[in-house]
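A short reminder: the numbers here are calculations on the coordinates, not readings from a lab. No experiment lies behind these values; they were computed from the predicted model shown. Quick reminder, even Gly has a Cβ in these numbers, built from the backbone with ideal geometry, and neighbours come from all protein chains shown.
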């Protein structure tokens, strides 16, 4: 799930481990860099309008051995042992597929935007009327012809074509490039009228330290952009257009808590550099625990309690909106599970097998607002180190924290709630907790200060206690 690294999503829960994938190099033929910015096409209006446990770092010098999630942050990037190995290797108790290496220098590679021109006009789902036309030959056969030409077709407001036509002008293809020329392509969408664009952290990671960042709208207008804030743990970032047009139309934000399994979904992005691509599917599952990383040794892992969709999501879709049937954003496309097969044009990148994962928009909205306000993310925490091993029947509080520190932070939320080393957390509110990573993902759907009910086992007996989540600002 990244720009040049489309992440390697992996649900630590035993259900289905997703794998983030590398994103393609930027598309040739994009608008020239000195192009004067102009107004973007209109789009939907923005209505008024969530999440967070601390990242447990792995003890230094032990990246390949099972370790405890610490009260502090940051954790190391995931490693690559086989999934379901009972915690005998993964830093988060789950496996990761190693993403393909980033291309060195320059941006050539994929022929991008080949399909862009046909997307809005292409009949993706509009109702086309047909009429019967009697063939006047002697066979007496009847043929079928379209009632009107393609350009005259009217699409219902609820059709995929109508939703795409309204949403596309408010999406952008993001190109991030580091100071040494490495980089790739991702997606983002207009968050507000001030020119803020929401995307994934891993999409813009290459441009964080003095790199170059651009955003291109479907009408070809290209803008330089700057990073306002990024959250590695949440995998959310906010960038702002320089000299942004005054008539931007933010995409409306939905309510991801009200999404149901089976609801229709529409994904917009730049898979393998093919900007403005629209795909459809359904919500396959909710609250899917996913840990992901872009495979970079300097990157930190991210967690989400994700929306799972079978809408086709590929490298380059990262950061793009996942919409409902009304065109409201319900998630940010972030990671996929992949078989690791070669991508378009033999790039060697993994592709979609119908298992895509999106950050719920309620969580992403909260994070984005924090980044716009302070430039730093705020994470909820319980103040305890938990085991990252699978098969423990829950999230077990370890005997010792990182570097010999206490596993339960003195005076922290867990300590105040009476939790101790050796306790196994099995539920958070009504969510079943089957591992440490699952607990982290669930805690991060809450805000600091939220009160949650923790169910844990001690000496064979089950106990339930109320706990008030603490907070931690920043990724370090």
In whole angstrom, the spacing between the Cα centers of segment 241-312 and segment 355-374 equals 10 Å
Pseudo-spin-label distance residue 255 to residue 416, built 7 Å along Cα→Cβ, given in nm, is 3.0 nm
Between residue 194 and residue 451, the two model label points (7 Å from Cα along the beta-carbon direction) sit apart by a distance in nm of 3.3 nm
The extension gain from residue 376 to residue 466, computed as 0.36 nm times the residue separation minus the Cα-Cα distance, is 29.6 nm
Ranked output for segments 221-227, 384-390 by mean other Cβ atoms within 10 Å, highest leading, reads 384-390, 221-227
Taking 0.36 nm per residue of separation between residue 209 and residue 243 and subtracting their Cα-Cα distance, the length gained on full extension comes to 10.1 nm
Put in order of increasing Cβ neighbours within 10 Å, starting from the fewest, 230, 446 give 446, 230
In whole angstrom, the spacing between the Cα centers of segment 173-206 and segment 443-476 equals 33 Å
